[in-house]
1. Of all the stretches in chain B, which is the longest one without any exposed loop site, taking trypsin sites (Lys or Arg not before Pro) in a DSSP loop (any state but H, G, I, E, B) with at most 14 other Cβ atoms within 10 Å?
2. Can you say what percent of the DSSP beta bridges in the protein assembly as shown, counting only those with both residues inside, are antiparallel? Round to 5.
3. For the stretch A:1-92, I need the span (max minus min coordinate) of the C-alpha atoms along each principal axis, in Å, sorted largest to smallest.
4. By DSSP, what percent of the beta bridges with both residues in chain B are antiparallel, rounded to the nearest 5?
5. Do the sum for chain B: with -39,500 (n - 2.57) for every DSSP H run of n ≥ 4, divided by all residues, what is the mean residue ellipticity at 222 nm, to the nearest 500 deg cm²/dmol?
6. Could you quote the convex hull projected area for the stretch A:115-166, Cα atoms only and averaged over all directions, in nm²?
7. Within chain A, what's the longest stretch lacking GluC sites (Glu not before Pro) that sit in DSSP loops with no more than 10 other Cβ atoms inside 10 Å?
8. Under the classification rounded if a/c is under 1.5, otherwise prolate if a/b is larger than b/c and oblate if not, where does the stretch A:1-154 fall, given a ≥ b ≥ c as square roots of the Cα gyration tensor eigenvalues?
Amino acid sequence: MGHPESAALFLRDTERVHWHDQAIWFLRQKRDAAARTVPDWEALRERAEAIKAHALSRLGDYLEEFERNAVAHGAVVHWARDGEEHNRIVHGLLAERGVTRLVKSKSMLTEECGLNPYLEARGIEIADTDLGERIVQLNHQPPSHIVAPAIHMRREEVGALFHATLGSPEGLTDPTRLTEVARKDLRRHFLGAQAGLTGVNFGIAETGGVVVVTNEGNADMGTSLPPLHIASMGIEKVIPRAADLGVFLRLLARSAVGQPSSIYTSHFHGPRRGGELHIVVVDNGRSQLLGQPAHRRALACIRCGQCLNTCPVYRRSGGYSYTWLIPGPIGSVLAPARDPVSHRSLPFASTLCGSCTDVCPVRIDLHHQLYAWRGELARKGLIDPGKRLAMRLTSLVFRFTWLYALAGRLARLAQRLLPARFLARLSGGWTRQRELPVPPRESFRELYRRTRGRP
Amino acid sequence: MAARDEILAAVRRGAGPAVEHPGTAGLGVRFADPVVQFAEMARAVGSTCLRVPDLAAADQALRALPVSQQARRSVSLVPGVGASTFDPAAVAEPHALDGLDLAVFPAGLAVAENAAMWIDTRPFPHQALYVVAEHIAVVVRASTVVHDMHQAYERIRHGKGFALFLGGPSKTADIEQALVVGAHGARSCAVLLVEG
């Protein structure tokens, strides 16, 4: 099922769609308020874009520098070409140490690799510890948003879920009390875990450090209690210098949730005393994307999620309508690079309004990329035949003045003479929630000719 | 090794023409009084911020706080401010720190634009202290307050070990965007801003 079909299911519950739209728009408003307090916001965005462009242009050197410095601090660096290799490495590390209980903080990379099912099939118990991720884990769902994984759920549903899975009192709906239930349960998991796995927001080539950002402190709990810390990092996360963090961190929390700073911005340089730090550097299609000049800018993404929040299509279709686990504009740009056949509906899940490009803290030209993907999909023959025929006809009509004038005349005539139901069928989805406009008696050209003489 | 070399080769094949690093000069914000700005931001993000003339006053201010009065188990890593009810260095595993009511520790520097405080945990007997405690108090010297994150990173020297920017009490808004303080880490954060 492509995006339009899944979105149609989501849209059946009008009241819920409205609630979802408003809840997510609130994140956009918080971002706007935070961005307005920063006088050099636009200069920051430009600088962030340029630093990422530089880092990606010399990524090979920076990855080597990162590895060298990380190893000097006592970390062990592993390399994984794809998700399968990543999962094998992680499982190997856990199995060697007899780990059976793992706590995880948020990592879209491990979602992408399918790590949880891989480890669970091998007898390892995993607790996702970000509250939103814990909620969707208990609900057997993937995240519906990359920053707020359970944003599609209402408090009553979370209450019912916690009652069923964590034994909280029935009918609990207060977010503070629900969070307390999760805190108590997850504290038990933190204390019992033998290993903690985190994602990586930034890898610093110059110092060999990895930086992990959370608001809840779950990555910090998961890395300061168990002796083994595994950090899974996409190759594109490496930045040249620690000073570059000043630029990215000023943008990240404000863009993601409208806060001036994340609560925990944790810098790991080597393992903690008596502990181990293993960094798994993962490619999984990223080097291939880097090799596509038209699309490599998408690798600059710092996963703030703001392009989702601002997207009129995401807000009204929900994260699960997308065929890729990263929904919204950035996901719709990344997914077809991976698998154009499976994700061919995604570049069309956009109005091309450009709002995503306007809010992106690293200035990825998202709506241009979505548009470019439409062309590439058409050239690959992956466009639905109806759409292709409509495009061909439109192209033809626009190419010849006489044909354009004739088509307009026929359309006006048809609208006057044919029954409404027949016209609705002809106009596809346009008449699902609105009437066709009343046709004018004459075209603009006819009007012009009548009042001003021949053009 | 095969994976490493293959990835690096693919990355080098894929990368476009070299692009210059633009540097970070010319960015940042300046406040009329960065210490006042820091205190305001700290309150805005949910911390309790108390400005005190010296460490003795910081100690008094801390002892007057309900979280301090109600604490049964506490650890202080700042001599003269608060007290330790047990020796954290004598605890073998950090897990034994679960249930710690209050941890007091120093910040190396603090940032006016966003209330972030640089905490270097290398002198800590256990790294977990800052996050496992139910409540925390951070001692910040007013003289270490910088305007923005660029200034902060100019001063920080990264070496082996763990350090973080701490922005206040632990937070979440994962249930219907409702802000809840006290997700996994500290339920409250007192900032003791010491003059001089």
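1. B:73-156
2. 30 percent
3. Largest first, the stretch A:1-92 extends 55, 43, 24 Å along its Cα principal axes.
4. 25 percent
5. Only helices count here, giving -7000 deg cm²/dmol.
6. Mean orientational projected area (the stretch A:115-166, Cα hull): 3.8 nm².
7. A:171-434
8. oblate
Rule-based calculations on the coordinates, nothing more; no lab input. Remember, it's a predicted structure, so these values are computed and weren't measured experimentally. Positions of Cβ are generated from backbone atoms using ideal geometry, with glycine treated the same way; all protein chains shown enter the neighbour counts.
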